[in-house]
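Worksheet for the structure shown next.
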Amino acid sequence: MPLREKALWRMLYETAARASEILALDIDDLDLAGRRAKIISKGGDTEWVHWASGTAHLLPRLIRGREHGPVFISHRRPGPSRRPPARDVCPHTGKARLGYDRARVLLGEYTGWELHQLRHSAATHLGERNVPLQTIMAKTRHRNPRTAMRYIRPSPEAVAQVTDELLDLGRHHR
């Protein structure tokens, strides 16, 4: 799988951000040392998303030699009839920002998944690890608990573990 796709899928999962937010990132938005990026959220607010070691390993390789412009770029330069806005063109390569539709197609071709599934999976995996709802909401930047709760589907194993913990608590209170 190409580096661009690896970095994008990993970043989407590790940040639990919306694909449109990550695809809109410019190199100037990245804080590589802090493992975070400044994004413009769905509501128009400026917020931070954080990533882990997988993304931290891939991003510097992806942007090597580029100091400005879009983080995720297409493999080709746009034709004369499809001139994107200047902010969506890499000043170093002349290549355009990778679009949502193309990213969606690529993920489908490589994995059979939808872009939103990476965000959903991240929230679900956090829920399975008993991460509190408030923390999951902070990570995914959901404002409504009902919205965030739909992603949290504890596995049968997680429910069994909680049941064992409840039994242990009961024994201590006797």
_Output for segment 39-65, where each listed residue is part of a loop (DSSP other than H, G, I, E, B) and farther than 24 Å from residue 104 by Cβ_ = 45, 64, 65
*In segment 146-161, what count of residues is obtained for those that are more than 16 Å from residue 120 (Cβ to Cβ) and either surrounded by fewer than 12 Cβ atoms within 10 Å (Cβ to Cβ) or not assigned by TED's automatic domain parsing to the domain that holds residue 120 (or both)?*
4
*Could you say whether any residue in segment 155-174 is under 30 Å from residue 101 (Cα atoms) and hydrophobic (A, V, I, L, M, F, W, C)?*
no
*Residue tally, condition within 20 Å of the chain's Cα centre (by Cα) and either among the aromatic types (Phe, Trp, Tyr) or surrounded by fewer than 15 Cβ atoms within 10 Å (Cβ to Cβ) (or both), over segment 69-98*: 1
*In segment 1-48, what residues are β-branched (Val, Ile, Thr) and either closer than 17 Å to residue 115 by Cα or assigned by TED's automatic domain parsing to the domain that holds residue 143 (or both)?*
15, 22
*When residue 50 is evaluated against the numbered criteria (1) touching a helix residue (DSSP H, G or I) at 6+ places or on another chain (Cβ under 6 Å); (2) under 18 Å from residue 19 (Cα atoms), which criterion, by number, is the only one it fails?*
(1)
*Given the residues 172, 125, 142, which is the only one that is out of contact with any Ser or Thr (no Cβ under 8 Å at 6 or more places or on another chain) and at pLDDT below 80?*
172
*Top-ranked residue in segment 101-130 [being touching a residue at least 40 places away in the same chain (Cβ under 8 Å) and exposed (fewer than 15 other Cβ atoms within 10 Å of the Cβ); ranked as nearest to residue 73 (Cα to Cα)]*: 110
*Of these, 27, 73, which one is over 30 Å from residue 143 (Cβ atoms), touching a residue at least 40 places away in the same chain (Cβ under 8 Å) and β-branched (Val, Ile, Thr)?*
73
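The values are calculated or read from the model by the stated rules, or taken from the named source; none is laboratory data. Here the structure is a predicted model, which means the values were calculated and not measured. No Cβ is skipped: glycine too gets one built from the backbone with ideal geometry, and neighbour counts run over all protein chains shown.
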